[in-house]
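Here the structure comes first, spelled out in structure tokens, and everything after it is commentary.
The values are calculated or read from the model by the stated rules, or taken from the named source; none is laboratory data. Computed from a predicted structure; not experimentally measured. Cβ placement follows ideal geometry from the backbone for every residue including glycine, while neighbour counts extend to all protein chains displayed. Quick note on the areas: whole protein, heavy atoms, side chains included, nothing else; ligands and nucleic acids left out. Shrake-Rupley method; radii C 1.70, N 1.55, O 1.52, S 1.80 Å.
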Amino acid sequence: MKAVSIKEQLEDKGITSALLLKAFQDIPEAFLLSETLHPYFYEDIRIEKNQEKTEPRVIVVARMLEQLKVKEEEKILITGVDSIYILVVLSKIYKEVYTVETNETYANWAIEVLKTIDITNVHIKVGKPEMGWKEKGPFNAILIASEIETIPKTIKEQLKIDAKLLVPIGPDWAHVMLQIVKRVGKDEYASKALRDSYFIPNPKILPEISTETYPEIEMIDEIGMSSIPFKTIKKFPMEALLERIGDAKVVLLGEASHGTSEFYLTRQEITKALIEKKGFNFVCAEADWSDAEQINNYVRNQYKVQDWMPFARFPQWMWKNKEVLDFVEWLKKYNTKHNNTIGFYGLDLYGLENSIDLVIKHLEDMDTDLAELAKTRYACITPYMSQPSVYGKLIKNNRLISCEKEILNMLFELLKHKNKLNHSQAYFYAYQNATVVVDAERYYKAMYYGSAESWNLRDFHMFYTLKSLLSYFGKESKAVVWAHNSHIGNALATEMYARGEINIGHLCKEHFGTKSYHIGFGTHTGTVAAARNWGEKMEVITVNASVEDSYEHLCHKTNVTNFTLPLRKTHTHNNLRELLGTPRLQRAIGVVYRPETELLSHYFKTVLPSQFDEYIWFNKTKAITPLITKTETSKLMDLHPFGLLDR
């Protein structure tokens, strides 16, 4: 494996400060820490010596230091870092480095390590980080690297005049907002909000990709022998699957199209089992947060009629269909018997207009002054809400000034006033809607700068929404994710990564490791609900037979009608992984299907055993059943999120 210098890694993550880069580069190789040197395990900060690769936690702190604009000065105070590596870096920039640790074992160990490498300008004490180190102040800079509820006056007073303090701000589920406070006078401070740019960390979990060529019949036979057949969805071998899923915290369930009934129904049966038998707390789908919020309120028996119709924009059928309706009704009944605890949420960043509306409505109920401020801040983008892509185009052509600053400041206002606004479920929803507005604004601008940038921003938004939900629901919470195969499979095992694209599947593998379980779906032929072009009417379209050199073709040749295929190392034979480990084509149908140009439009190269932990196969499938007035109106209650659409 080619060694990558720390300087190269930092530059790859956007670090440009020459001072920081030099300080990191000057660390001797012997000091690169492995986890065995720690008095106890620090998963987030270890540096893997064997790969000469820094962990994301070190990168995050480096990015914070860059935002703080560190420079060669007298003194810096840093808390919440839990990284002796960062302390050594800062010792090369500042004359004196002060840090406050909460864990005495770690503090004593760090002191001993620093002594052995003759670093004498780093000072460590055990105490409350949020109180700082008043006796050693004032400081030229202060970095509080872990979140605190509010910045105490006592720590701000430890800044020199014109010095800056940086701190992550917000509830425990807000991880990407930073606040910079500058002391401009004895009792005067100026502050501003920053949104940390999303970055792609160097991957820890690399796919196993082969270049060997194997006889097709050998691959087909191995799939046939390794697969677990089932006759119907109701007879799916669920107990064995649950055993393979084990103690996963996140289970990601895919689909090879956005309009295939079997994918939806199987996904829902697995989800029911995860809720009933594994204690999963919520479902989050590739749907708009604001629209899914109405489904969530309905299934938790908290539904209120909204001023707009959920799932009213293209592609309506993706969630407004008979299959989803049946699951929604099941979840509502389940919740009625279980204290309304299981939620249903949207991961996507569309629905800009509805999210703005929900933020303002929440504030009107809680604080009219903040509601008026929200209207003012959002006024910049509201004229373009019905056609946000026009907004992005105007920005690109320099015909409009970006609204990013105003929108970001509104999110910051919500964070600053969280206690005043009652840190509740309603507040969490308002915060997430405000986050949708921030990321949607960035997304519509990114659309005009390249597909990889906009794709990545969208999947980062999905991932951080998932993390926020897990944090909000609590330490023991577990999530089911519903999204397309192209989102939930590991992007590193596909040609997407070569294009610079990542996805929520890759990010979950990096973050949760074996605690995330990814299940893909596939079919040979049948029908699908899709449009011929974006924005056009939905049709039921015949799916072409799978092409040769595709995984679907191999599965079809087994002559097994339906099966599930375990792919994780611990659940299958190495021979299967080896035979399927050479890249092959895989089909991906979204809401648009163009059978005439299918090979060019819908196939891409993947390595199936590294993309998914399991693959569920249906040789022939049929289209979902969209909800339309003719078939469903009479069955729906007046107070029903789908009922609004079907009256």
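Give the accessible surface of region 532-642 per residue, rounded to a whole number of Å², with probe radius 1.4 Å and ligands, DNA and RNA excluded.
So region 532-642 comes to 46 Å² accessible per residue, rounded to a whole number.
Identify unpaired cysteines across the chain, taking unpaired to mean no other cysteine Cβ lies under 4.7 Å from the residue's Cβ.
Taking the Cβ cut-off of 4.7 Å, the unpaired cysteines of the chain are 284, 508, 555.
In what sequence, largest accessible area first, do 219, 447 appear using a 1.4 Å probe?
Reading off the accessible areas and sorting them downward yields 447, 219.
So how do 183, 267, 313 rank on accessible area, 1.4 Å probe, biggest first, that is with the largest at the start?
The ranking, largest first, comes out as 313, 183, 267.
Straight-line reach from residue 234: which aspartates and glutamates have Cα under 20 Å away, leaving out those fewer than 8 places along the same chain?
Here the aspartates and glutamates satisfying the reach criterion relative to residue 234 are 243, 255, 262, 269, 276, 323, 326, 329, 614.
Kindly flag which residue pairs out of 478/620; 278/320; 416/515; 333/445; 204/416 have an alpha-carbon separation exceeding 30 Å in this structure.
478/620; 416/515; 333/445; 204/416
Using Cα pairs under 8 angstrom and six or more residues apart, how large is the relative contact order of region 565-623, in percent? Numbers along the way, then the final one.
Details: 56 pairs, mean separation 27.5, N = 59.
Value for region 565-623: 47 percent.
How much net charge surrounds residue 336 when only the other residues with a Cβ under 14 Å from the Cβ of residue 336 are counted, with Lys and Arg +1 and Asp and Glu -1? Walk me through the numbers on the way to the answer.
Values: positive: 300, 332, 333, 337; negative: 329.
That sum, taken over residues with Cβ under 14 Å, equals +3.
Considering only protein heavy atoms, what is the solvent-accessible area of residue 558 at a probe of 1.4 Å, reported in Å² to the nearest 10?
The accessible area of residue 558 comes to roughly 20 Å².
Excluding ligands, DNA and RNA, what is the solvent-accessible area per residue of region 366-452 at a probe of 1.4 Å, expressed in Å²?
Numbers: 3910 Å² over 87 residues.
With the other protein chains kept in place, region 366-452 gives 45 Å² per residue.
As a test question: what accessible area, to the nearest 10 Å², does residue 380 have when a 1.4 Å probe is rolled over all protein chains in place?
50 Å²
What's the carbon and sulfur percent of the chain's accessible surface, probe 1.4 angstrom, rounded to a whole number?
50 percent
Once ligands and nucleic acids are excluded and a 1.4 Å probe is used, how much of residue 444 is accessible, expressed in Å² to the nearest 10?
About 30 Å², rounded to the nearest 10.
If 326, 118, 288, 247 are ordered by their accessible area, calculated over protein heavy atoms with a 1.4 Å probe, which sequence runs from highest to lowest?
Values: 326 70, 118 130, 288 10, 247 100 Å².
From most exposed to least exposed: 118, 247, 326, 288.
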